[in-house]
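Presented below is the structure to which this report refers.
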């Protein structure tokens, strides 16, 4: 007798449900944890692949410059990953304390579409746009 495989349809939060209900919180918690695991896995693989060229010392100045540039780019990427993991950890903490999904400035809901696009968002679209306008004005002065 053959068993039929059932493909579990992945849950997607929708606006018909109460905002930040337990289903929403579970969904975003799982998404954030998976994202964090993926980042860590990618960085560990990158470190493993690039650890071999640390022992290579070349007399050719062009090779040294190229290697230095590669290391610089790699360090910037690792730094970005560290910052992103920190933001993910903060988002997970906000999920625990019940403030996830609400704008840090206005207290208004950030919105499911924005959170699905950017799960670590802390500002509503309006607050983010205001922040970017203020930043532009400050830079232009």
Compute the Cα gyration tensor for the stretch 77-141, then decide on rounded, prolate or oblate, letting a ≥ b ≥ c be the square roots of its eigenvalues: rounded whenever a/c is under 1.5, prolate when a/b is larger than b/c in the other cases, and oblate in all that remain.
oblate
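Mind checking the full-extension length gain between residue 26 and residue 134? Use 0.36 nm per residue of separation minus the Cα-Cα distance, one decimal, nm. Don't skip to the answer; put the middle values down first.
Values: separation 108, 0.36 × 108 = 38.88 nm, distance 3.46 nm.
Here the segment from residue 26 to residue 134 would lengthen by 35.4 nm.
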Sort largest first and round to whole Å: the equivalent ellipsoid semi-axes of the stretch 67-109, each the square root of five times a Cα gyration tensor eigenvalue.
33, 11, 5
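Each reported figure results from applying straightforward, stated rules to the coordinates on display, with no laboratory input. A quick note: this is a predicted structure, and the numbers were derived from the prediction, not measured.
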